[in-house]
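Here is the structure we will look at, set down as structure tokens.
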Amino acid sequence: MLFYKYLGRNALKGTVLYEVKDEVAILTVDNPPVNPLSDGVRTGLHESLVKAEEDDTVKGVVLTGNGRAFIAGADISEFGGNVEGIPLNEVFNKLEFCKKPVVAAINGVALGGGLETALCCNYRIASKTAFVGLPEVNLGLLPGGGGTQRLPRLIGPGEALKMMLSGSHVPSKKALEMGIVDKISDDVVAESIDFIKEMAGNNDNHPRVRDKNEKMLEARGDENVLLDAQAMAAKARKGQFAPGQIIKCVEAAINIDDFDEGIKKEGEYFMECLLHPQREAMIHIFFGERAASKISDVPKDTKIKDIKKAGIIGSGTMGGGIAMCFANAGIPVHIIDQDEENLKRGVSVIEKNYDFMVNKGRLTAEQKDGVFSLVTSSLDYKDVSDCDIVIEAVYENLELKHEIFKSLDEHVKEGAILASNTSGLDIDSIASVTKRPEMVVGTHFFSPANIMRLLEVVRGEATSDETLATIMAIGKKLKKAAVVSLNAPGFIGNRMLFGYTAQANMLLLEGALPHQIDQALESFGLNMGPFRMMDLVGLDLGWRARKLSGKESPLHAKIGDELCEQDRYGQKNGAGYYNYSEGSRAPNPAPENEETYERISEENGFTRREISDEEIVDRCILALINEGADILSEGVSQRAADIDVVYINGYGFPIWRGGPMHHANAMGLDVVIEKLEKYKEITGSDVYKPSEMLVKLAKNGEKLGEAPEKDNRKEKLGFEMSSVANNF
Ligand SMILES: NC(=O)c1ccc[n+]([C@@H]2O[C@H](COP(=O)([O-])OP(=O)(O)OC[C@H]3O[C@@H](n4cnc5c(N)ncnc54)[C@H](O)[C@@H]3O)[C@@H](O)[C@H]2O)c1
């Protein structure tokens, strides 16, 4: 479990320490490492408040957290199980109506239930490094401990909605400006004790957030607040259920005079979120991302190398973005390119990206100078000799990568990790040209690397535990969702993408049109349909590779290749499956392509037919699921949730569906198999031959979970056998 040690069936988790100092009761939440509101904490809080009330010598109460956190939130592991201890709202009620003034001494993170606890206190004093937030929306939930009713009363409904819909973390300085906290201090507990002593004489005049109605009355009748929130949710949280519920809660806060009635509404809307399948899907990803960093056969205490300096070879699209990731994490990074011109261009793109962030107000000019000063560059390999890791990001060409790894092995100090950003080349082959194959690994970042969260870590045959553990730790430092893949064609993500785009192309051959296919999949929740995506990547990449290979194009590539013959490469030259106006990425229909579609369909023996949106979604998503199951049964991915993390963070799959594997589990594997068989019948394609693993799991009424033990795995795809990597 994430937050606590299992202490036995009825043992309560966490506690609250009680001490009296200077006639002030200090309540310290103690539930390491981040003090969630587990049953023991709730009970402890309630009991401590009663004790403080009953002690006549106590003038007031200071509530704080042990260690680095105030209270990080609810105990997520309790969701869906039998909850023991005192219910949270009862504790909050006790806190809010405490007969003595209460100050929340926010010593560290106060998120979700943690901030809601602080909102029930009369005053809030935060440390300089603390931050607050209501991130429940990220788990498909809403702040159900009064947060939707109290925060709008404190800072106004517009600001509260922005915070709750984004789930953002607000640093204490900003929280002070917004009015969430009353003061910032270096020593929150001492300051809070002084504050209590100063305010204790105020008798009953200690403010309660629930009574602050002015901002609610101001907003009443002003539709814009809610309309703005709806627009924000539609844009940033497309398809999600919880944002609409949050807005309804705030609407209740604005329009209902009685605070407790508002709380009741919040409770109803919260329950609807709790029971909604999206909640389960999003919590699956929350835990999935944490589980992904654990590698079952790499011991927990594996030594991790200290990465003090990174080197990057190649300052192109990926190299520049990866360099930014290191600099943003405060790690000096040195970039090398093949010539002055390319290097200059690469470094200037990095600077432009930082300038853009300054213009958008995401970075101050000072911060930009600080972070950009960590990026150095040159043309000499000797300059990366002192790096602890060097990541190669040159053109996707095995011979070139061999050359570069030989040179790196020669120049870079002993013990340093050598990584490749290859999208699909054989890491073992790259490692084989070095004298340190155990220190060679794939680090597959996604474009734009400074923004996309996914990092596929490719484990070669020889990659050591220490190398892997270090890369997983670095991934965390760079704020990436790192997932391990064995070294196999297409790794996890691109291998699945291949089957999916191939099916989209088959549907086009059979009679559907690109915009219909894109719309159907975007309605399902994908960020971008496959044809918009192919136009963005460039149709010519696969076409050129196929031409070079001299082999006949596979069926699914026939239309794309024909469009390339007509100089339609995609967005890069304004025409592909869609047309693009100069400087715009918005796709416009391209009716002139229809003659091509009809001709190629006919030439290949297809009679074009009407295809329903249901068939489009089923066939593309089933292709993902079936390939995912094979990837799992080969042990290429460690667990189904890893595949979900890959697909959500790198390929625009909707988080609220929990990823393709969770989606399959939610559908029921028997239903998945039934559908696969149906489409196998319709198309005659082996793509829909149910993966053996699916069949076995469905038969036993089980779900996709862990990869099988080594001896029971299906044989892994070999690079030489595969057509995956060259076929986009
Ligand atoms: N672009 C993407 O979306 C993407 C995504 C994931 C992975 N990748 C992989 O990342 C790698 C780099 O891709 P990219 O899109 O950044 O390429 P790019 O063409 O944008 O940049 C490659 C850079 O490498 C430099 N270079 C070439 N030979 C060199 C040498 N001998 N020494 C030093 N520098 C040299 C080039 O001058 C250029 O600046 C490839 O392996 C690619 O498959 C790309």
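Taking region 131-148, which residues are in contact with a Pro (Cβ under 8 Å, 6 or more places away or on another chain), under 13 Å from residue 71 (Cβ atoms) and surrounded by 24 or more Cβ atoms within 10 Å (Cβ to Cβ)?
The answer is 134, and nothing else.
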**Request:** From 420, 385, grab the single residue that is under 25 Å from residue 464 (Cα atoms) and surrounded by fewer than 19 Cβ atoms within 10 Å (Cβ to Cβ).
**Result:** 385
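A quick yes/no check of all residues on (1) under 19 Å from the mean Cα position of the chain (by Cα); (2) of a type in the set (Val, Ile, Thr):
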{"site": "475", "(1), (2)": "yes, no"}
{"site": "478", "(1), (2)": "yes, no"}
{"site": "483", "(1), (2)": "yes, yes"}
{"site": "486", "(1), (2)": "no, no"}
{"site": "490", "(1), (2)": "no, no"}
{"site": "501", "(1), (2)": "no, yes"}
{"site": "505", "(1), (2)": "no, no"}
{"site": "518", "(1), (2)": "no, no"}
**Message:** Restricting to region 591-634, give me the number of residues that are touching a Gly at 6+ places or on another chain (Cβ under 8 Å), buried (at least 19 other Cβ atoms within 10 Å of the Cβ) and either more than 30 Å from residue 694 (Cβ to Cβ) or modelled with pLDDT under 95 (or both).
**Reply:** 1
**region 460-481 - residue that is surrounded by 22 or more Cβ atoms within 10 Å (Cβ to Cβ) and without any contact (Cβ under 8 Å) to a residue 40 or more places away in the chain and, of those, nearest to residue 307 (Cα to Cα)** = 463
**Fill in**
Restricting attention to region 619-642, the residues that are in contact with a helix residue (DSSP H, G or I) (Cβ under 9 Å, 6 or more places away or on another chain) and either among the aromatic types (Phe, Trp, Tyr) or part of a loop (DSSP other than H, G, I, E, B) (or both) number exactly 3
**Prompt:** Does residue 408 satisfy the criteria of being of a type in the set (A, V, I, L, M, F, W, C), touching a strand residue (DSSP E or B) at 6+ places or on another chain (Cβ under 8 Å) and without any contact (Cβ under 8 Å) to a residue 60 or more places away in the chain?
**Reply:** no
**Prompt:** Can you pull out the residues in region 185-204 that are crowded, with 19+ Cβ neighbours inside 10 Å and not in a helix (DSSP H, G or I)?
**Reply:** 185
**Asked** Does residue 683 meet the test of being at pLDDT below 95 and of a type in the set (S, T, N, Q)?
**Response** yes
**Request:** Could you run through region 403-461 and say how many residues are charged (D, E, K, R) and within 11 Å of the ligand (Cβ to nearest atom)?
**Result:** 2
**Request:** Give region 386-402 a look and list any residue that's of a type in the set (A, V, I, L, M, F, W, C), within 11 Å of the ligand (Cβ to nearest atom) and in a loop (DSSP other than H, G, I, E, B), or say none.
**Result:** 393, 394
**Message:** As an exercise: evaluate residue 574 against (1) crowded, with 19+ Cβ neighbours inside 10 Å; (2) over 30 Å from residue 670 (Cβ atoms) and give the number of the one condition it does not meet.
**Reply:** (1)
**Residue check, residue 217 part of a helix (DSSP H, G or I) and within 23 Å of residue 270 (Cβ to Cβ)** = no
**Message:** Just the residues that are among the hydrophobic types (A, V, I, L, M, F, W, C), touching a strand residue (DSSP E or B) at 6+ places or on another chain (Cβ under 8 Å) and not in a loop (DSSP other than H, G, I, E, B), please, taken from region 75-115.
**Reply:** 95, 102, 103, 104, 105, 106, 110, 111, 115
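The values are calculated or read from the model by the stated rules, or taken from the named source; none is laboratory data. The model shown is predicted, which means the values in this text are computed figures rather than measured ones. When we count neighbours, we look across all protein chains shown, and the Cβ atoms used for this are built from the backbone with ideal geometry, even at glycine.
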